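Scroll down for the structure; my scribbles are underneath it.
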Amino acid sequence: MRRLKAWARYPINIRYPQDYRNSPQALREMPILTPMKQQITLGDVADIKVVSGPTMLKTENARPASWIYVDARGRDMVSVVNDIKTAISEKVKLRPGTSVAFSGQFELLEHANKKLKLMVPMTVMIIFILLYLAFRRADEALLILMSLPFALVGGIWFLYWQGFHMSVATGTGFIALAGVAAEFWRGHADVSASCH
């Protein structure tokens, strides 16, 4: 048995001999000694009844929790979650103290997007530095770097053509594609320079 007060949990373990816990009636008649040394029964201070309930209480961060599992087939996770958020805001009135949170793949995707917002500019900067070190000219390095978005357009069209959705894996693939495109342009520039 656990007593819930506000959001704090206090474990209460009570175990009496079998005779006292055979039936609800036996529990009701169980004698209790009060601090004033009066003898009363448990039934005087508590309602005892057999009811159906959950086999266990789920909690997260010391708050009661319930989970709903959603499989987003045929659609990207972000649009599914946005639709669910819209439906909840329009049709569900949350009681005070309740909240809705999205977890699983969506949470991982949000976390990865935050990291990619930092990693992509850093990667572009590193590519620029490497190109500058290879050519010793900022204008050529910048020209190659400016051509990278055109290489990525082909990747975006391929995603659309194949019916794929943007994900962490495809974002990582675009970073790799940018590196390959930069290497291609660097090789092409080396060949052009050797011909002149």
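Every number in this text was worked out from the coordinates using simple rules, so none of it is lab data. Quick caveat: nothing in here was measured; it's all calculated off a predicted structure. Virtual Cβ from ideal backbone geometry, glycine too; neighbours counted across all protein chains shown.
The table below gives the values:
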| item | result |
| --- | --- |
| Dipole magnitude of the chain, debye to nearest 20 (Cβ charges: Lys/Arg +1, Asp/Glu -1, about Cα centre) | 1020 |
| Residue among K115, K49, K58 with the largest mean-square fluctuation in a Gaussian network model of the chain, springs linking Cα atoms under 10 Å | K49 |
| Extension gain (nm, one decimal) between V51 and M125, 0.36 nm per residue minus Cα-Cα | 20.2 nm |
| Residues whose placed amide H lies under 5 Å from that of F164, excluding near-sequence neighbours | none |
| Positive-end residue, the chain charge dipole about Cα centroid, Cβ charges, pick of Q162, N22, L108 | N22 |
| The chain: DSSP helices with Cα axial extent of at least 27 Å and average Kyte-Doolittle hydropathy no lower than 0.5 | 105-135, 138-162, 168-195 |
| Calculated FRET efficiency for the pair L116/K85, C-beta based, R₀ 25 Å, to 0.05 | 0.70 |
| Amide H contacts under 5 Å for R63, placed H, 5+ residues apart | none |
| Long-range HN-HN contacts of I32 with modeled amide H, under 5 Å | I40, T41, L42 |
